[in-house]
Amino acid sequence: FKSHEHAETFEKAGLIGDKSDIKILAMARNGLDMVASMVPFFGAHSDDFRKIWGNFPPRARESMEEEASARMQEMLPGGVFSPMYFEYINSWWKVRNEKNVLLLHYSDAKKDLPGTVSRLASFYEVELTKDEHATVVEKCGFEYMKKHTDMFTYALPLNPDFKGKKIMTSGSMTRKGIIGDGKVTFSDEEKEVWAKAEVDKLGDEPAKLNWARNGGGEF
């Protein structure tokens, strides 16, 4: 299953370590890029969905700059979404060397999708033929997903009041996910604020700070 949970939740349940048969994939992304991606993500939600979620997520503001600034404030330390990034990174970094945990960075997967598929297959102990590997790589690519947007969307099939309604606009979950998107989304001042927050929250280990920003390395 997919979750934004921190490692501590799984540790308390005894699901991390040599005695666990569960395998856990944790993935992170450059923080600025993550915040930038939340701008269109929030804006793509339907009013029908917002009604049943107490007007969440908030409707997009008139200007992209205002919307991006609002998302950043929510993601910075002390903000409502800070645990999704800073606390998340710190949490999974601590258990990155556990045998049943694979910590990946989005930038690495984006730069080398075939290699990432091979690494995942090895972690999950799945043997892929050459053709199977090629098929997985194809179906994880942007072009394939764009042609099959119906496969990449949220739904509420067990909510009778939401029958026939959409959570998000069609195709909004399928985006290119450009590396460095945050650098062109935010102002120089905002980028400085974010960089300081990274140092404050992740800078106790230089390797962790560098990995959070850029990826690279295998654990």
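Key figures for this structure:
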read-out	value
Under Karplus coefficients 6.51, -1.76 and 1.60, residue-wise ³J(HN,Hα) of the range 122-139 in Hz, glycine/proline x	5, 4, 8, 6, 10, 8, 10, 6, 4, 5, 5, 4, 4, 5, 5, 4, 4, 6
Residue of Thr174, Thr129, Thr116 that the Gaussian network model of the chain assigns the largest fluctuation, springs spanning Cα pairs under 10 Å	Thr129
Between the range 74-119 and the range 198-218, the Cα center-to-center distance that results, in Å	11
Calculated over the range 59-134: convex hull of Cα atoms, volume per residue (Å³)	146
Label-point gap, in nm, between Ala207 and Val126 - each point 7 angstrom along Cα→Cβ	2.9
Shape parameters for the range 1-92, alpha-carbon atoms, Rg then Dmax in Å	16.1, 52
Charged-residue dipole, Cβ positions (Lys, Arg, Asp, Glu), the range 3-50 about Cα centre, Debye nearest 20	80
Cβ-defined net charge surrounding Leu76, 11 Å radius [Lys, Arg +1; Asp, Glu -1]	-1
Under 26 Å from the Cα of Lys147 - lysines, other chains or at least 8 residues apart	Lys2, Lys110, Lys111, Lys130, Lys139, Lys163, Lys165, Lys166, Lys176
Stretchable slack from Lys2 to Leu113, in nm (0.36 nm times residue separation minus alpha-carbon distance)	38.0 nm
Rounded to whole Hz, the Karplus (6.51, -1.76, 1.60) HN-Hα couplings of the range 84-99, x for glycine and proline	6, 10, 4, 5, 5, 4, 4, 5, 6, 4, 5, 10, 5, 9, 5, 5
Protection proxy ranking, peptides 207-213, 160-166, 8-14, average beta carbon neighbours within 10 Å, highest first	207-213, 8-14, 160-166
Two-site label geometry, Asp47 and Lys176: point separation in nm, points 7 Å out along Cα→Cβ	3.2
Whole-angstrom Cα spans of the range 98-151 along principal axes, big to small	37, 25, 20
Computed magnitude of the charge dipole of the chain (debye, nearest 20; Cβ of K, R +1, Cβ of D, E -1)	500
Cβ-derived FRET efficiency at R0 22 Å, Lys23 paired with Lys139, nearest 0.05	0.60
Length added when fully stretched, Ala195-Arg59, from 0.36 nm per residue minus Cα-Cα	46.2 nm
More than 31 angstrom apart: percent of Cα pairs within the chain	28
GNM top mover of Asn90, Asn30, Asn159 - the chain, alpha-carbon springs below 10 Å	Asn159
Percentage relative contact order, the chain, counting C-alpha pairs under 8 Å, at least six apart	32
Among Leu25, Pro114, Pro160 the positive-end extreme of the charge dipole of the chain (Cβ point charges)	Pro160
Inter-label distance, nm, simple model (7 Å from Cα along the C-beta direction), Thr153/Lys94	4.0
Long-range amide H partners of Ala26 with built H, under 5 Å	Leu102, Leu103, Leu104
Phi-based couplings in Hz for the range 196-202 (Karplus 6.51, -1.76, 1.60; Gly and Pro marked x)	5, 5, 4, 5, 5, 9, 10
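Read-outs throughout are calculated quantities, based only on the coordinates presented, and are distinct from any laboratory measurement. Quick caveat: nothing in here was measured; it's all calculated off a predicted structure. Cβ: placed from backbone, ideal geometry, glycine included. Neighbour counts: every protein chain shown.
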